[in-house]
Number of protein chains: 2
Amino acid sequence: MAAARNGTRRGPYAKSSHQRDRIIELALDYFGQQGYHGTSMREIARGTGLSQAGLLYHFPTKTDLLTAVLESRDTLPEVAARSAVERAQDPLAGMTAVIVDNASNRQLVQMFTVVSAEATDERHPAHGYFRQRSQIVIALMRAGLEQAVEQGLVRRDLNVDYAARQCQALMYGLQVQWLFDPSTDMVGLFQHLLDGFAVPTPRPPPDAKDSRRAADASGQ
Amino acid sequence: MAAARNGTRRGPYAKSSHQRDRIIELALDYFGQQGYHGTSMREIARGTGLSQAGLLYHFPTKTDLLTAVLESRDTLPEVAARSAVERAQDPLAGMTAVIVDNASNRQLVQMFTVVSAEATDERHPAHGYFRQRSQIVIALMRAGLEQAVEQGLVRRDLNVDYAARQCQALMYGLQVQWLFDPSTDMVGLFQHLLDGFAVPTPRPPPDAKDSRRAADASGQ
DNA sequence: GTCTATATTAAGATAGAC
DNA sequence: GTCTATCTTAATATAGAC
């Protein structure tokens, strides 16, 4: 993947021109702030100091540019998450590490958040990409949680399928909350969820008279 | 609010024409599927059988139409949430009730999800609306949780500020997960979080040898 | 209340010079 | 590798007839 960047190699196997990378960086900002639909190629071209035709030399279509933006940053979080989740001593720390990372990169978070929401539409050029990505992230989370169960870090009766989906959803939702309110403590709030997965600390149950649950529509 | 729909009253105090409502309904679908930026007024006009100028009679600008779409549906979930959370016997059931509702209205969920993500940009016409809305939802959740604490439904030591933010974020994230994968059990996954808030059931701790937590970047 | 016609601006994309 | 110039289509919006 990310091999054969067509038509832009300088040397025999130069993978990416300087310009190409500059354009991708700027496009990431624009797509993040205004969305894919809300951003024009002219706008990006202007930002890079190129003419629109000059931009189109590097990325013949708008979709090509979006794909390049997605690919350029997909390696980082994906690999980071994979390695962190799978090989960290504490697999749960791998998840929080991803969030710590995100908290220092607003542009990236905003791009993935906004474009993935747009990509909810089946006709969006990145629809397939984000649907698949969602599955992958959930699977990575489940793997980390299973490992945590084995290591005795979380309750043995934890439903890892549910917990993994919760982690993915919470991570996403916290990012949006944080984008609207940068004072949001994404890391702490996520950690709070993980704490709920932990083996119960020997705390005396303060009042166990009525532990019923809202027993309604759980079946939807 | 929602009084004085300017220029479209038939009778002396008719609040909304039939056409107006039809347009709003269709715009909700379009904005949901393609986003605000990705949808044109011509498109919506075509969908209603009007010409573009005909549409502009009812909504002079695109922003006016977005505002109307937002207002038209804001009453429903807001009031529903407020009443459900505040006056239900079990305040937690009020939250799940909202999700049950959402699970049967994809168009609505998609519109709020996609447009709010777009509105992350400060220049987006609905930016202020969604930033405020986020705060309101969190506050409603906190109110419900506080009530639940009083009723002994959840742990006394629960951090309601954290929990409320978690609820809002999870609800949002689950909606996106569900939009990409309609088999997602939003209700069950949300309920699972609430279960974690409950007073601990008297379950014997299976293995309490090592209950340390990932003690890293919680301070970000 | 809805139309046709039009103004203006901008979109994505191509051709071909340099 | 980048430009100017241009094509084609479509965007928001207005004017004014019916």
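The values are calculated or read from the model by the stated rules, or taken from the named source; none is laboratory data. Every value quoted in this text rests on a predicted model; they were computed, and no experiment measured them. All Cβ positions, even for glycine, are placed from backbone atoms using ideal geometry, and neighbour counts span all protein chains on display. Accessible surface is based on the protein model in full, side chains and every heavy atom, while ligands, DNA and RNA are left aside. Shrake-Rupley method; radii C 1.70, N 1.55, O 1.52, S 1.80 Å.
A few notes on this one:
- Buried area at the A:B interface is about 6700 square angstrom, summed over both chains, from accessible surfaces computed with a 1.4 angstrom probe.
- In the stretch A:18-197, taking the dipole from charged Cβ atoms about the Cα centre, the farthest positive-side position among A:Met95, A:Ala139, A:Leu65 is held by A:Leu65.
- Calculated label separations, B:Ser51, copies of the chain, 7 Å along the beta-carbon direction, nm: 3.8
- Sorted from shortest to longest, the distances between the A:Gln19 label points of this copy and the other copies are 5.1 nm, with each point 7 Å from Cα along the line through the beta carbon.
- Cα-centre dipole for the stretch B:18-197 with unit charges at Cβ (Lys and Arg positive, Asp and Glu negative), debye to 20: 360
- Counts of other chain beta carbons within 10 angstrom of each beta carbon in peptide A:26-39 average 3.
- Rolling a 1.4 Å probe across the protein heavy atoms gives the stretch B:105-174 an accessible surface of 36 Å² per residue.
- Label-to-label distance, B:Ala53 versus B:His127, with points set 7 angstrom from Cα along the beta-carbon direction: 3.5 nm.
- With 20 Å² as the minimum drop in accessible area between chain alone and full protein complex (1.4 Å probe), the qualifying residues in the stretch A:98-127 are A:Val100, A:Ala103, A:Gln110, A:Val114, A:Ala117, A:Glu118, A:Thr120, A:Asp121, A:Arg123.
- Backbone HN-Hα couplings from phi across the stretch B:167-184 [Karplus 6.51/-1.76/1.60, Hz, Gly and Pro as x]: 4, 4, 5, 5, 4, 5, x, 5, 5, 5, 4, 5, 5, 7, 9, x, 7, 4
- Across the identical copies, the label point of A:Asp195 (7 Å from Cα in the Cβ direction) is separated from its matches by 2.1 nm, in order from shortest.
- Among the residues of A:49-55, the average count of other protein chain beta-carbon atoms within 10 Å of the residue beta-carbon is 0.
- Burial ranking of peptide ranges A:48-56, B:25-33, A:161-169 (average Cβ count within 10 Å, highest at the top): A:161-169, B:25-33, A:48-56
- Test item: B:182-194 mean partner chain Cβ contacts at 10 Å: 5
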